[in-house]
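To keep things clear, I will list the structure first and then write my remarks on it.
The values are calculated or read from the model by the stated rules, or taken from the named source; none is laboratory data. Everything numeric here is computed off the predicted structure, so don't read it as measured data. With ideal geometry, Cβ positions are generated from the backbone for all residues, glycine too; neighbour counts draw on all protein chains shown.
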Amino acid sequence: MQLHGYTLSGLLGVVEGVTEFLPVSSTAHLRLAEKILGVSLQSGYWKMYSIVIQLGAILCLPVYFWPRIMTFLKSFFSTKDKLRHPFTLIMLAFVITAIPSLLLIKVIGHNLADPRVMAWSLIVGGVIMGAVDLMKAKAEKAGESAGNSTINTWHMENMTVFQAAFIGFCQIFSAVFPGTSRSMSTIAGGQLVGLSRAAALEFSFFLSMPTMAAAVFYTLLKSLLGHGRNAIGTSHLSHAQWAMMGEGFAVSFVVAYVSVALLMRWVRQGGFMPFAVYRVLAGLAVFKFML
């Protein structure tokens, strides 16, 4: 399928907005979109475009969670136990993810170029997510008042240093194996160490803010300073190209905001099993269209 202009920009904005924070891997879906829609997001203008629409998705999180961010900010300066404060735990998980990811940058680049890694990551991740969610389903249904030992942290404010560190470790897999999904790894990792679905999902969103911002700005800097066909360069863009980036940014922001809001509402009752099944189907789609 070959599309051009604003239609293509709008579709890519929707793909990015829908998949960035759902546990289904935005990387895999954008690669599929490249193949199906006939555009390469890895060169020239479209590389810059892909960074811009990611920024649109990122910005929806501080907007959506602004009241929670302000609450945490006030409590950070008033609490004596700063080590267990959500802000500290978020940065701990971020650092645990960031350092190995930087050290393994060549491995990550190699895996990004291999659709088989992406396909298997989607499928294996879907199986893991489904198994973990099924294992916790009874406790989730019983609720916080039941005092079930398989879930000991129902709210993000009550997380421990170990839980945050474990989630950060799990997120390394999403960096090294494209298709795993940051959301999937942090949610499933959180559930494994006793977080409820809602607490794991909220921590995943908060952890996405520094993680995605760092990844996007690193990619942007590397592309601006790079050489060859993958460098963005400093050539002048036409009014139509700027308008397309603006459209993609706006569409990605709005769609991502709606996706986050719906997922936060869905998670307490619906669980993650539908996403687990979808991941397996998406992995099979990668095998069909990209190999």
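Points worth noting:
- Near pairs, Cβ below 8 angstrom, 6+ apart or cross-chain, from the range 277-291 (at pLDDT below 90) to any residue that is of a type in the set (Val, Ile, Thr): 289/36
- Members of the range 41-79 found to be farther than 25 Å from residue 242 by Cα and not in a helix (DSSP H, G or I), listed by number: 65, 79
- Test: residue in the range 107-116 that is acidic (Asp, Glu) and assigned to a helix (DSSP H, G or I): no
- Qualifying residue in the range 47-58 (condition: within 28 Å of residue 202 (Cβ to Cβ), among the polar types (S, T, N, Q) and modelled with pLDDT of 95 or more): no
- Screening residue 133 against (1) over 21 Å from residue 282 (Cα atoms); (2) touching a residue at least 60 places away in the same chain (Cβ under 8 Å); (3) among the acidic types (Asp, Glu) leaves a single unmet condition, (1).
- Check on residue 164, assigned to a helix (DSSP H, G or I), buried (at least 18 other Cβ atoms within 10 Å of the Cβ) and modelled with pLDDT under 95: no
- In the range 35-74, the residue that is surrounded by the most Cβ atoms within 10 Å (Cβ to Cβ) out of those that are of a type in the set (Gly, Ala, Ser), more than 16 Å from residue 19 (Cβ to Cβ) and touching a residue at least 60 places away in the same chain (Cβ under 8 Å) is 44.
- Count of the range 120-145 residues, restricted to those that are within 18 Å of residue 288 (Cα to Cα) and among the β-branched types (Val, Ile, Thr), is 2.
Every residue, every condition in (1) surrounded by 16 or more Cβ atoms within 10 Å (Cβ to Cβ); (2) part of a loop (DSSP other than H, G, I, E, B); (3) touching a Leu at 6+ places or on another chain (Cβ under 7 Å); (4) β-branched (Val, Ile, Thr), yes or no:
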position: 141; (1), (2), (3), (4): no, no, no, no
position: 150; (1), (2), (3), (4): no, yes, no, yes
position: 169; (1), (2), (3), (4): no, no, no, no
position: 173; (1), (2), (3), (4): yes, no, no, no
position: 178; (1), (2), (3), (4): yes, yes, yes, no
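- Any chance residue 90 is farther than 28 Å from residue 193 by Cα, surrounded by 17 or more Cβ atoms within 10 Å (Cβ to Cβ) and among the β-branched types (Val, Ile, Thr): no
- Restricting the first member to the range 235-263 and to residues that are crowded, with 19+ Cβ neighbours inside 10 Å and part of a helix (DSSP H, G or I), and the second to residues that are acidic (Asp, Glu) and modelled with pLDDT of 90 or more, the beta-carbon pairs closer than 7 Å and six or more apart or on different chains are 252/16; 256/20.
- All positions within the range 269-281 that are within 16 Å of residue 183 (Cα to Cα) and part of a helix (DSSP H, G or I): 273, 274, 275, 276, 277, 278, 279, 280
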